[in-house]
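Report on one structure; see the data block that follows.
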Amino acid sequence: MSGETIGVRRSERQRRGRSTQSTYARIRRRETHSSRSTPAIVVASVLCLLCVWAATEITLALLDAPALVASPATVGTALTNLDSVPSGYLFVAGVVAALIGGSLIALAVSAGRRARHLLSSDSHAAVVDDNVIASAVARRAAQTAGISPDSVRVTVSRRFATVRVIPSSGTPVDAAAVESAAKAQLDEFGIVPPLRPRVRIASEGKVGA
Amino acid sequence: MNNTNRFLNRLLLLVVGTVLLCVGVGALLFASAPQVRAGWRPLVSDAAAAVASWLNATPLAAPLATPPAAEPSSWLWILAVVVLAAAVLLLVSFMLRQGRGRIDVIASRQGTGNGAIVVRSALAEQAVVEALSGRPELFSSHASTYAVRGIPVIKVVVTLRRGVSPRDVFSFVDGILQSLDDLLGVETPALISLSGGFRNKA
């Protein structure tokens with residue numbers, strides 16, 4: 001067959017195997033971490049506004065027209081007289097600026113993991129929201145313990161699925177059975193990084209069903 | 001899956017954050033340490049003298065204002081406006097480039113003669129969504145196609161009903177994507193995103 005083909009031809013899958021894997025690695029990484037787009041757009045907008053304002057003030061000053069907020073000369077004078085500003089204002093401004101700056105730095109360097117896990121798979125990349133895993137585990141746990149699904153709450157963190165059971169009065173709950181059922185279920189799901197179940201039975205039960 | 005330059009996002013946050021932090025710490029020092037305050041005047045008057053000398057050394061030939069101002073202004077200001085305008089353009093293009101990367105064509109092949117076969121991604125997307133519609137485990141499904149490093153990749157987002165096993169749904173969607181590959185004769189990488197949605201009651 002002549003000509004170029006876009007898309008991976010089945011017969012080329014072995015040869016292209018490595019590049020498909022690196023494509024999947026990139027996809028998996030990007031789908032499980034935050035892009036920081038929102039804070040970046042906010043910061044970029046603020047910078048944009050500042051630049052537009054500064055350019056407008058300079059242009060107005062060049063044309064000898066009255067300033068919008070503060071002409072370059074006013075800004076220069078204010079900076080020169082900074083040492084006569086009451087230290088209270090400077091302190092507050094300093095704290096605010098330092099806090100915002102610190103938060104931005106934290107956003108920039110922290111991993112930003114999203115509430116998601118990967119499903120292990122040979123064929124395609126799969127990413128699951130943590131609340132999907134949680135509701136599946138909760139349903140199986142409620143079935144195993146013989147209680148209503150409303151009495152079970154599951155929280156999924158990076159490495160643990162914590163099953164919290166609120167027993168109804170008079171009905172004991174077999175924590176070991178719930179834990180082994182959850183473990184079997186999580187192993188069958190094949191989640192990366194692997195989730196281990198933890199079962200917590202509330203010390204105070206609910207009256208009734 | 002899109003083209004967003006995440007490194008650039010984080011770099012912008014890091015640079016602006018560091019500047020703000022330094023300014024903040026500087027203001028705190030100013031407010032608390034008298035030595036800093038005392039040192040400000042000489043520093044500023046040196047800087048003001050330097051700036052004044054630059055401005056005087058670069059006079060504007062033709063006056064801009066009508067009627068002309070008393071003393072000639074400097075073309076450094078015009079340079080400043082140009083630089084600021086360029087910065088605005090860069091920032092706007094940075095904001096607009098977030099989240100791009102969708103493509104229209106999922107596969108194409110040049111024919112032996114003058115023709116070509118082009119498979120639009122809409123075909124694949126609609127086929128997948130159609131195959132998934134009516135499944136009781138799913139609330140909804142949606143497909144889109146992105147170019148990841150030049151390779152077309154299908155992204156299928158399915159919203160599961162409460163309590164449904166993600167592994168079961170994954171197997172089913174995987175099977176549908178295999179059928180799609182068989183149909184098209186090319187193997188398209190795919191991402192399956194199993195989401196809980198906003199409302200996920202059965």
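Only a single item in (1) surrounded by fewer than 21 Cβ atoms within 10 Å (Cβ to Cβ); (2) within 13 Å of chain B (Cβ to nearest Cβ) is not met by A:Val137, and it is number (1). Of all residues in the range A:103-150, those satisfying the criterion of being within 30 Å of B:Gly24 (Cα to Cα), part of a helix (DSSP H, G or I) and aliphatic (A, V, I, L, M) are A:Leu104, A:Ile105, A:Ala106, A:Leu107, A:Ala108, A:Val109.
For the range B:49-77, the candidate set comprises residues that are open to solvent by 50 Å² or more (accessible area, probe 1.4 Å) and at the interface with chain A (Cβ under 7 Å from one of its Cβ atoms); within that set, the residue that is modelled with the lowest pLDDT is B:Leu64.
Scan the range A:33-54 for residues that are in contact (Cβ under 8 Å) with a residue 12 or more places away in the chain and more than 7 Å from chain B (Cβ to nearest Cβ) and the total you get is 3. Residues in the range B:170-197 that are closer than 26 Å to A:Ala184 by Cβ and at the interface with another protein chain (Cβ under 9 Å from one of its Cβ atoms): B:Phe170, B:Val173, B:Asp174, B:Ile192, B:Ser193, B:Leu194, B:Ser195, B:Gly196. Only one of the numbered conditions (1) under 30 Å from A:Ser22 (Cβ atoms); (2) open to solvent by 20 Å² or more (accessible area, probe 1.4 Å) is not met by A:Phe160, and that is (1). If I go through the range B:80-137 residue by residue, how many of them are under 30 Å from B:Gly163 (Cα atoms) and either within 12 Å of another protein chain (Cβ to nearest Cβ) or part of a helix (DSSP H, G or I) (or both)? Count: 10. Those residues that are free of Cβ contacts under 8 Å to residues at least 40 places away in the same chain and either touching a Cys at 6+ places or on another chain (Cβ under 9 Å) or at the interface with chain A (Cβ under 7 Å from one of its Cβ atoms) (or both), I need them from the range B:138-169; list them, please. Within the range B:138-169, B:Arg149, B:Ile151, B:Gly163, B:Val164, B:Ser165, B:Pro166, B:Arg167 qualify. Hey, among the residues in the range B:1-48 that are crowded, with 18+ Cβ neighbours inside 10 Å and touching a Leu at 6+ places or on another chain (Cβ under 7 Å), which one's nearest to A:Val109 (Cα to Cα)? Among them, the one singled out is B:Leu13. When A:Ser11 is tested against (1) at pLDDT 85 or above; (2) surrounded by fewer than 12 Cβ atoms within 10 Å (Cβ to Cβ); (3) in a helix (DSSP H, G or I), just one condition goes unmet, and that condition is (1).
The values are calculated or read from the model by the stated rules, or taken from the named source; none is laboratory data. As the structure is a computational prediction, the values presented were derived from the model and not from experiment. A quick note on method: Cβ atoms are made from the backbone with ideal geometry, for glycine too, and the neighbour counts reach across all protein chains shown. All accessible areas refer to the heavy atoms of the entire protein, side chains included, with ligands and DNA or RNA removed. Shrake-Rupley method; radii C 1.70, N 1.55, O 1.52, S 1.80 Å.
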